[in-house]
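The values are calculated or read from the model by the stated rules, or taken from the named source; none is laboratory data. Just so it is clear, the model here is predicted, and its values are computed rather than measured. With ideal geometry, Cβ positions are generated from the backbone for all residues, glycine too; neighbour counts draw on all protein chains shown.
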Amino acid sequence: MNRRKNQQLKIIGIVLILSIVLVGVVLFQSASPMRKAKKQAVTISKEVANISEVQDFYWFTREKTYFTVVGVDNKNVEKIVFLPQDGSEAVVMNQKDGINNDEAIKKVLEKKETKKIKKVSLGLYDNKPVWEVAADSIESGVNYYLVDFKSGEIVNTLNQV
């Protein structure tokens with residue numbers, strides 16, 4: 001009887017370990033597209049803007065999908081590289097020409113419509129650089145605020161219930 005119980009515990013242990021490994025593999029694979037996109041975006045940013053140190057990476061989707069790399073070039077200038085997913089021409093800007101993500105979040109919080117900031121990303125909307133700030137709404141759902149990179153003004157708000 002004791003031997004049978006030990007066998008059952010071994011089987012349960014093996015099943016548990018295999019389950020943990022399987023969950024780990026699934027999670028690793030699900031993050032793979034993001035890692036691949038980031039790796040390619042960083043490589044292209046090094047070529048088109050001489051980025052030597054990457055500070056941030058954003059995946060931005062509105063009308064089009066952009067991979068945005070924020071970093072410092074070989075002259076120590078902070079640059080932003082907007083890379084359209086469709087492979088069209090990259091857009092390069094200086095970070096000093098606009099607001100940073102903290103300032104975009106502050107602008108959204110000033111509206112006092114949100115409970116919690118969920119995500120911030122940077123991309124192009126109507127060919128203009130914008131910060132997208134996703135936040136839980138006080139009322140219901142999630143609000144998406146597009147904050148103009150240059151002026152710091154909110155240019156669009158979407159609510160998803």
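Structure data summary
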item	result
Enumeration of residues in region 38-58 that are under 15 Å from LYS75 (Cβ atoms) and not in a helix (DSSP H, G or I)	ASN50, ILE51, SER52, GLU53
Residues of region 31-60 satisfying the condition of being of a type in the set (Ser, Thr, Tyr), at pLDDT below 85 and within 15 Å of the chain's Cα centre (by Cα)	SER32
Residues that are of a type in the set (D, E, K, R) and modelled with pLDDT of 90 or more, drawn from region 61-101	LYS75, GLU78, LYS79, LYS96, ASP97
Test for LEU16: is it loosely packed, with under 12 Cβ neighbours inside 10 Å and modelled with pLDDT under 90	yes
